[in-house]
Every structure is written in structure tokens, then in C-alpha cells.
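**Student:** This is the structure I want to talk about, given as C-alpha cells.
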Amino acid sequence: MRSTLVVLLVLVACGGRPPVPTRAVVESDLGSWKFRRFQGPLLDVEVWIAGNKGEAFSASYITADAEKRGQIAEKDLVNVIVTRYEKPDGIVRETVKLVRRLAQEKGYEVDETKIEGIRVLTITGPSETWAIWPADKAVVKVGGQGRTNVPGSVVEDYGDRYPSKLPGGSLEGSLPPGPEEKPVTNPEDDEQYDPNNPKANLDHYDPDKVKLPEKKVEPVKLPDEKKKPKR
């Protein structure tokens, strides 16, 4: 027990990274932000990735002042949504594609920035503000309706748990690379063996054991030449 305590103290002193929560989101207070509600898992995810199943989990936090007043305004509430995936394939690419698509819609402004050292993409709509970033096998989204900014302390806490994988300049130029494409194969290689209609493999056979039938070459018949009249 004593050795375990010493290890924990060393990690804290060295600024060790906080652990990833068991249910994806932090179900406790984050400084002055008081934890209030948990939801999940939800299969209806915002960043959908083909061949990579995701589950979403959300947590809501309110300010300490709102808790004292007993009244919660939109500016006093922040939501965090963490979507977990089975593998890291395609997460960065699909997150950037989502934000680029929103940028083309009327009423949305997007930007790439850093909040408390965490590289994120910000989404500002008519009555909402969010910060979103891809992580290892996860996408994190912080913000809410009626907000004009995103709390830096909440982004920092989740950024420590889910380090951002967002590359610089992601809103410009080519999209980040996606998962490797399946190599193209000959469709005949995938055909199942049919004992009633077997096909010979001419690329792999032993000529000493297998004798291929000889092709018969029919002689070419030339047309009869017309006899030229004698002069």
C-alpha cells in the first residue's frame, strides 16, 4: 500500500496525465464547473465513420454561481460529448470533413485555433458555440446552446485526457489521409470452387503430370484463283 501511494505521489509531482474515464466523460466536478448529468451510450453519433463503430457519451456541467442561485441560464451550462470508436481509422479525416461541411452551410463560422494549448476546430452558429477535436479512437466536443465561447478549463481537462490529433492547417488544402484502401484483386480469385464446373489454373500446374489438350489448327483454305484468259 505504501509503495502504491509513493508511485501516485510521483505521478502527481511529475504532472502525470489524468486517466481516461471509464464511461468516456468525467462524472465529477471540474474546478468551478459542477457535474450534473450523464448520458450514454448513444449509437447516433455526429461523426460517422464507415467500418468503424462509434458510441457517444455526454456530461453536463454548471457553474458554481448558478448552483448557489438555484437558477441555470444557458451561459451557466456546458456540455461535453465524447464519441469512442473501435479503432483510430478515419477519425481525423471524418472530423475535418464534418467541420468543412458546416462551413459551407449558412449561419456557421468555423476556425482552427488553440484553447489552453489544445488544437481544436471551433464551430459558431446563430445560438451555439462548440470546440471539437479528434483524439486517439475518440472525438471530443465541448460547448453548448446559447453560448458565445467555450470554457478553457473544461477544454484543458479533456485535452489532457484525450490529446488532440488535429494537424495544423486542417481546414485548408487536402483532407487528412483516411484508412488504407483494400487492394484491388482479381474477381476470379474470390470465386468459390464448383465441383460440377471446375476451372483449370493455367498459371500453376505441373507439365509432367498434367497434359493439356493440344489445340487443333485448321488449315487455311485459300480461294480458287480465277484463270486469266489467254491473249
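**Student:** Report the residue count in the range 165-184 for those that are open to solvent by less than 40 Å² (accessible area, probe 1.4 Å) and at pLDDT 95 or above.
**Tutor:** Within the range 165-184, residues that are open to solvent by less than 40 Å² (accessible area, probe 1.4 Å) and at pLDDT 95 or above number 1.
**Student:** Against the definition (out of contact with any strand residue (DSSP E or B) (no Cβ under 9 Å at 6 or more places or on another chain) and charged (D, E, K, R)), how does Arg17 come out, yes or no? It would help to see each step written out before you state the result.
**Tutor:** Values: out of contact with any strand residue (DSSP E or B) (no Cβ under 9 Å at 6 or more places or on another chain): yes; charged (D, E, K, R): yes.
For Arg17, the condition - out of contact with any strand residue (DSSP E or B) (no Cβ under 9 Å at 6 or more places or on another chain) and charged (D, E, K, R) - is met.
**Student:** Just need a number here: residues in the range 69-97 that are open to solvent by less than 40 Å² (accessible area, probe 1.4 Å) and outside any loop (DSSP other than H, G, I, E, B). Full working, then the answer.
**Tutor:** Kept after step one, since they are open to solvent by less than 40 Å² (accessible area, probe 1.4 Å), are these residues of the range 69-97: 76, 78-80, 82-83, 85, 90-92, 95-96.
Then drop every residue that is not outside any loop (DSSP other than H, G, I, E, B), which leaves 76, 78-80, 82-83, 85, 91-92, 95-96.
Going through the range 69-97 one residue at a time, the tally reaches 11.
**Student:** Still on this structure, please answer the following. If I go through the range 132-164 residue by residue, how many of them are more than 17 Å from Leu30 (Cα to Cα), in a strand (DSSP E or B) and either open to solvent by 10 Å² or more (accessible area, probe 1.4 Å) or not β-branched (Val, Ile, Thr) (or both)?
**Tutor:** Counting residues in the range 132-164 that are more than 17 Å from Leu30 (Cα to Cα), in a strand (DSSP E or B) and either open to solvent by 10 Å² or more (accessible area, probe 1.4 Å) or not β-branched (Val, Ile, Thr) (or both) gives 5.
**Student:** Any chance you could count how many residues in the range 98-115 are loosely packed, with under 15 Cβ neighbours inside 10 Å and either part of a helix (DSSP H, G or I) or of a type in the set (Asp, Glu) (or both)?
**Tutor:** Residues of the range 98-115 loosely packed, with under 15 Cβ neighbours inside 10 Å: 101, 103-107, 109, 111, 113-114.
Applying the additional criterion that residues be either part of a helix (DSSP H, G or I) or of a type in the set (Asp, Glu) (or both) yields 101, 103, 105, 109, 111.
The total comes to 5.
**Student:** Would you tally the residues in the range 36-68 being open to solvent by 40 Å² or more (accessible area, probe 1.4 Å) and either at pLDDT 90 or above or closer than 22 Å to Val92 by Cβ (or both)?
**Tutor:** 14
The values are calculated or read from the model by the stated rules, or taken from the named source; none is laboratory data. From a predicted model like this one, the values you see are computed outputs, not experimental measurements. Note that each Cβ is placed from the backbone with ideal geometry, even for glycine, and that neighbours are counted across all protein chains shown. Ligands, DNA and RNA are stripped out before the accessible areas are found, and what is left, the full protein with its side chains, is counted by its heavy atoms. Shrake-Rupley method; radii C 1.70, N 1.55, O 1.52, S 1.80 Å.
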